[in-house]
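The values are calculated or read from the model by the stated rules, or taken from the named source; none is laboratory data. Here the structure is a predicted model, which means the values were calculated and not measured. Here the Cβ positions follow ideal geometry from the backbone for every residue, glycine too, while neighbour counts run over all protein chains shown.
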Amino acid sequence: MNQLENKDLFEQIHKHPLFQGVLDSEFTTLMEKCTLKHYNKAEKVLYSKTPREGLLLILTGMAEVYVQGDDGLFQQEVLEVLQTGDMIGFSSLADFLGEPNPHVAKYTVEVRAVEDSYCLKIPYSVVEARWDDETVRDFVLRQVAVRLRDIYGSLAEQVKLANQWGESDPFIRRIQDLMNEPVISVVKDELIQVVAKKMVEQRASSVVVNDFDGILIGIITEKDIVQRVVANVSNGPLQAKDIMTANPITISRYGYYYEAMSSFLLNGIKHLPVEEDGRVVGMVTLSDLLRKKNRGSMEILQKIEQSTFSNLPTVKSAIYDVLGQLINDEIPTTHTLEIITKLYDRLVNHCLDLAVASLEAKGKGKPPVPFCWFTMGSSGRGEQFLLTDQDHFLVYDNPDSGDSERVEEYFALLGQEIVDHLHKAGYKLCIGKMMANEENWRGTLKTWQERLRGWALRATNDNVLLGHNFMSFRFLYGDENLHDEFVKMVKEQVSRSRIYLYRMAEQEREHPVPTLDHPIRALFGLRRDSIDIKKHALFPLHHCLQVLSAHNGIVEGTPLQRLDALVKLNVFTPEVADDIRFAYEIVLKVRVEQAWGRYLRKEEGTSEVKFTHLRSRDKEELMIALKAIRSLQNQTLGAFGML
């Protein structure tokens, strides 16, 4: 290292307790073993897999220490912020001192520069050269003692907060603490009679099926035996491989309580094999988790299925309890919305079941032709957390000749029943009347084909807005075959409506995402004091993904599903997609936290976010997110030659 080029920094280092009092010649020798490096803002200083072979000293600037989860940007937990003069690496001193490490799985932290910084990496060879100095050992001992005190204080605070909210499992409990072991397993050619006998003897509700190398290939539950053996007549003996559910969903033994619970909810299953290094080491069931919980909020599932028209309003409160729990436990926002969306989907499906049954009870019969019900807006995008207004439409099959009037009459009644049931459950009526009880938001396949063609031919601003809302549709209830026909029809109409897509992109050019390029404190303090998070961030992101997706033949899916599809089509590089995912997570986080806070304070709902209500870190992240969305907007305009 050139000490002349960094004279001030080396004078600072020489005064540090590790090097204080060292002769100039020895100091020069020690510095030749060290690494002085400049890091730009947001640049990683240490990676999780970087070998820990010394200490890191922050000379100028600031850095943060965080844990990077398996899901990339969406699972990061900042442990501490390092200021000028702080050090990190004391936890690895045990290795330096020759102590054995009993931990099988190592979870190492990462370090990232919060602002432009100079850092000095000090290898163990330098520490060893200075270890005989009593002042150095005293300094290290004090640093370790302070760090240990801080860690215990932080851990105590986390446990206190977890207990305060009444549900500590999602916060600190891992699956290895909840699973049943040893797991009961059979090989794939085991006779079903033998499998059933094992389950009875072990009082197990499931067994895993392995190949001859011990690798998991399937699972058999009590339900499988009843449905696939008892209820069916077979001509010959059945083996485990004949009735198993292949390629079952699994979870790592190091996974968290809330991850397992969301797997059960999102996939409609009740058994999760637990894996470690590709081998099954245990089993966790939905009933295991429900027994372990401290609060009864997960009983929402039973509450939804048993609700009637009169007590539908109670379901909303139960879902809000779950939402509050997830927000308080700081579960990643996109993960929270996945769980809540699944609960709302169950509620909506139940409402439609009740609506169909209600018409039959009133003597109107059953649906005369296959039909589909689609949700739109925030529900369609999988972003609804607080119940908002209704956005949905009905599609039904083309009736036989002469039966159109009867079919239309039935679905007009069904549309009204659906609206009434959803309203009873807590969904407000749509001010824009985009609901299935309105003639413009229901119809046959042929009617919808003509409607979409009409929007495209008359691409007014109003019709473009209708198109944006429509293109967020998500299938929730009804006939799968009809759904496929509907999607095929929409794709055909979109492929013939390039001018309509051009007009959609043109709207984005007329409403650019705010550019926030100035220093964050000056910008937020002087230029503007708030931002409409929906209008200036979420809507541009949604609209651009919709337009680019439709431009490439994708007409349905949540924003993240569309993003994944566009990566596969090479419309986005994985790096650009990561930036968009990060932006999406940040904007949703701000949106959810601000709206939830207003709800708890009984304030009127708004998407306007005051910068004074945001933490400094949130402001910084929001600025980065808006830049990413602005880049997405520019890429969309470029796809239509508008730049």
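Hey, can you tell me all the residues within region 286-314 that are part of a helix (DSSP H, G or I) and at pLDDT 70 or above? Write out each step before concluding.
Within region 286-314, the first condition is being part of a helix (DSSP H, G or I), and the residues that meet it are 286-292, 297-306, 313-314.
Result: L286, S287, D288, L289, K303, I304, E305, Q306, P313, T314.
Among the residues of region 619-640, is any of a type in the set (F, W, Y), touching a residue at least 12 places away in the same chain (Cβ under 8 Å), in a helix (DSSP H, G or I) and at negative phi?
Of region 619-640, the ones of a type in the set (F, W, Y) are 640.
Next, only the ones that are touching a residue at least 12 places away in the same chain (Cβ under 8 Å) stay: 640.
Next, from what is left, pick out any that are in a helix (DSSP H, G or I): none.
No - not one qualifying residue is present in region 619-640.
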N437 is checked against (1) polar (S, T, N, Q); (2) under 17 Å from R474 (Cα atoms); (3) part of a loop (DSSP other than H, G, I, E, B) and fails just one. What number does that condition carry? (2)
Restricting to region 358-411, name every residue that is assigned to a helix (DSSP H, G or I) and among the charged types (D, E, K, R). E360, E405, R406, E408, E409
Failed item in (1) buried (at least 20 other Cβ atoms within 10 Å of the Cβ); (2) part of a helix (DSSP H, G or I); (3) in contact with a strand residue (DSSP E or B) (Cβ under 6 Å, 6 or more places away or on another chain), with L337 passing the rest: (3)
Whichever residue in region 214-231 is at pLDDT below 90 and touching a helix residue (DSSP H, G or I) at 6+ places or on another chain (Cβ under 8 Å) and, among such residues, is surrounded by the fewest Cβ atoms within 10 Å (Cβ to Cβ): E222
For region 263-275, indicate whether the set of residues that are of a type in the set (S, T, Y) and in contact with a helix residue (DSSP H, G or I) (Cβ under 9 Å, 6 or more places away or on another chain) is non-empty. no
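Would you say F470 is surrounded by 13 or more Cβ atoms within 10 Å (Cβ to Cβ), within 18 Å of M434 (Cα to Cα) and assigned by TED's automatic domain parsing to the domain that holds P399? Before the answer, list the steps.
Values: surrounded by 13 or more Cβ atoms within 10 Å (Cβ to Cβ): yes; within 18 Å of M434 (Cα to Cα): yes; assigned by TED's automatic domain parsing to the domain that holds P399: yes.
Here the answer is yes, as F470 does meet what is asked.
Can you spot a residue in region 52-65 that is in a loop (DSSP other than H, G, I, E, B), surrounded by fewer than 18 Cβ atoms within 10 Å (Cβ to Cβ) and modelled with pLDDT of 85 or more? Can you show your working first?
Start the filter on region 52-65 by keeping residues that are in a loop (DSSP other than H, G, I, E, B), which leaves 52-53, 61-62.
Subsequent filtering for residues that are surrounded by fewer than 18 Cβ atoms within 10 Å (Cβ to Cβ) retains 53, 62.
Then drop every residue that is not modelled with pLDDT of 85 or more, which leaves 62.
Yes, some residue in region 52-65 is in a loop (DSSP other than H, G, I, E, B), surrounded by fewer than 18 Cβ atoms within 10 Å (Cβ to Cβ) and modelled with pLDDT of 85 or more.
For region 548-561, which residues satisfy the criterion of being over 17 Å from K488 (Cα atoms) and either in contact with a His (Cβ under 8 Å, 6 or more places away or on another chain) or crowded, with 18+ Cβ neighbours inside 10 Å (or both)?
Passing the criteria: L548, T558, P559, L560.
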What's the number of the condition F74 fails, among (1) among the aromatic types (F, W, Y); (2) touching a Pro at 6+ places or on another chain (Cβ under 7 Å); (3) at pLDDT 85 or above? (3)
Let me spell it out: the conditions are (1) at pLDDT below 85; (2) closer than 17 Å to S185 by Cα, and L266 meets all of them except one. Which number is the exception? (2)
What's the number of the only condition in (1) at pLDDT below 90; (2) out of contact with any Gly (no Cβ under 9 Å at 6 or more places or on another chain); (3) surrounded by fewer than 19 Cβ atoms within 10 Å (Cβ to Cβ); (4) of a type outside the set (D, E, K, R) that L516 fails to meet? (3)
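Please go through region 543-571 and give me each residue that is among the hydrophobic types (A, V, I, L, M, F, W, C), over 17 Å from E508 (Cα atoms) and touching a residue at least 12 places away in the same chain (Cβ under 8 Å), ordered by number. Don't jump to the end; show me each part of the working.
So in region 543-571, the residues among the hydrophobic types (A, V, I, L, M, F, W, C) come out as 544-545, 547-548, 550, 554-555, 560, 563, 565-567, 569, 571.
Next, from what is left, pick out any that are over 17 Å from E508 (Cα atoms): 554-555, 560, 563, 565-567, 569, 571.
Scanning region 543-571 gives I554, V555, L560, L563, A565, L566, L569, V571.
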Based on what the data block shows, is I122 more than 36 Å from the chain's Cα centre (by Cα), in the same structural domain as L286 (by TED's automatic domain parsing) and either modelled with pLDDT of 90 or more or buried (at least 19 other Cβ atoms within 10 Å of the Cβ) (or both)? no
Among the residues of region 397-418, are any under 26 Å from P313 (Cβ atoms), at pLDDT 95 or above and acidic (D, E)? yes
Residue check, S185 within 35 Å of the chain's Cα centre (by Cα), closer than 21 Å to D277 by Cα and small (G, A, S): yes
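Quick one: would you say V45 is in contact with an Asp or Glu (Cβ under 6 Å, 6 or more places away or on another chain), modelled with pLDDT of 75 or more and under 30 Å from S252 (Cβ atoms)? Full working, then the answer.
Details: in contact with an Asp or Glu (Cβ under 6 Å, 6 or more places away or on another chain): no; modelled with pLDDT of 75 or more: yes; under 30 Å from S252 (Cβ atoms): yes.
The answer is no for V45.
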